Amino acid sequence: MNRIIAAIFLALGPALPAASESIYENIKVDAGQTLYDAKCRRCHADDSTDPSYGPPLENIVGRAAGSYPNYDYSVALEASGIVWTPAALRAWMEDNDGFMPGTKMRHVGITDRTVQDFILAYLASITTRDGSKVSE
């Protein structure tokens, strides 16, 4: 299914006029939410009012790693000094054990860059629910 979604975006991407960028972004966010629900939601809520095993990922982009209140992070993550930029989140999704040795999170291994792009679009949307931009 991921390849079908990717093929649709690759086929439509160049044909979308600039005025349709918001439609394209909405499609990316919707696809990202579906992939988030399949890959991340088991452990991470997308709303800080929902209970979850891991820390919620609402407002994750731009947040310091290991800083969500009242969550028992690994020492490695708390001491990392990392800020969750899109690039850091992409590296984490691909190989969190390699990116941050000593983390408590089990390795997920989302290596497909298109899937990462969609999940990142969704994470940015739940970071900026007010419609503001997330800087790279």
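Descriptive notes on the structure:
- Neighbour counts of other Cβ atoms within 10 Å put Thr127, Thr111 in the fewest-to-most order Thr111, Thr127.
- FRET efficiency, Asp95 to Glu21 (Cβ-Cβ, R0 30 Å, nearest 0.05): 0.45
- Most to least packed among 51-57, 119-125 [average Cβ atoms within 10 Å]: 119-125, 51-57
- Modelled FRET efficiency - R0 35 Å, Asp72 with Asp30, Cβ distances, 0.05 increments: 0.60
- Taking 0.36 nm per residue of separation and subtracting the Cα-Cα distance, full extension of the segment from Ala79 to Asp37 would add 12.2 nm.
- Tail fraction, Cα-Cα pairs, the stretch 20-101, threshold 21 Å, whole percent: 32 percent
Coordinate-derived values only; no laboratory data. Just so we're clear, the structure is a prediction, and the values are computed from it rather than from any experiment. Cβ sites come from the backbone with ideal geometry, for glycine too, and all protein chains shown count toward neighbours.
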